[in-house]
Amino acid sequence: MKEWLVEESNKFAIQNDPNKPLSLTKSELEQFIANSKRVWHKVYFDNWFNSPLLHVALWKQGFCSLGTVRLNRVSGCSMPSDTQMKKSGRGTSVIQVAEMDDVELRVVKWHDNRGVTLLSNFAALEPQNTVKRWDSKRKKRIDIKGKSIGTKRGRPSVDVEELYKEKAKRGPTVKIPAKPIRTDKYDHFPDFGEKKGRCKNPG
């Protein structure tokens, strides 16, 4: 189930609307965040309704915004093709800066497996971080330059990411009993014997 949600940094929802259609338009998005405080919150969205006009409107209302965008919606912006960027190697980035209605907009294209184009009214190309990617030629994971403006996008939160890291360090989970045992509708209690022994897998 998908739902439109406005969430604070402490993970508490301050506004949600489960009945709002997923095909949200630019004007409906502006109405949805109208009750939020103008303290330069960061708004992230995808290319479904992204456009330069939306970023300009959000900036004038006190919101920073970032989202993937289709180049045909950004008139006058020329970016190298995926084929050209592929020759430069993975991690290649290109940025174009323009001004619209006294608001500075940045378009960044980053090449990984394919080109990813982002439009923002606050984020730029620097600073760049590194991400792990599999190199089929070297047969190992290598570090490449990543797009720092797109790696942290609201959820999952920092706390959840730390839990994922700790979980990855632990071993596998407890083995699930066989299906016949799980579905035979009997309560399986442990058998206690006189001799001390090790636990055995059911089945």
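What follows draws every value from the coordinates through simple rules; no lab data is involved. Not measured: the values here are computed from a predicted model. FYI the Cβ positions are ideal-geometry reconstructions off the backbone, even for glycines, and counts take in every protein chain you see.
As a proxy for reagent exposure, ranking Lys42, Lys109, Lys169 by other Cβ atoms within 10 Å from fewest up yields Lys169, Lys42, Lys109. Remark: the Asn47-Lys185 segment gains 44.7 nm on full extension, using 0.36 nm per residue and subtracting the alpha carbon distance. The length gained on full extension between Ser81 and Leu163, counted as 0.36 nm times the residue separation minus their Cα-Cα distance, comes to 25.7 nm. The length gained on full extension between Ser36 and Val97, counted as 0.36 nm times the residue separation minus their Cα-Cα distance, comes to 19.1 nm. Neighbour counting of Cβ atoms within 10 Å sorts the residues Glu104, Glu194, fewest neighbours leading, into Glu194, Glu104.
With neighbours defined as other Cβ atoms within 10 Å of a residue's Cβ, the residues Ser136, Ser93 order from fewest to most as Ser136, Ser93.
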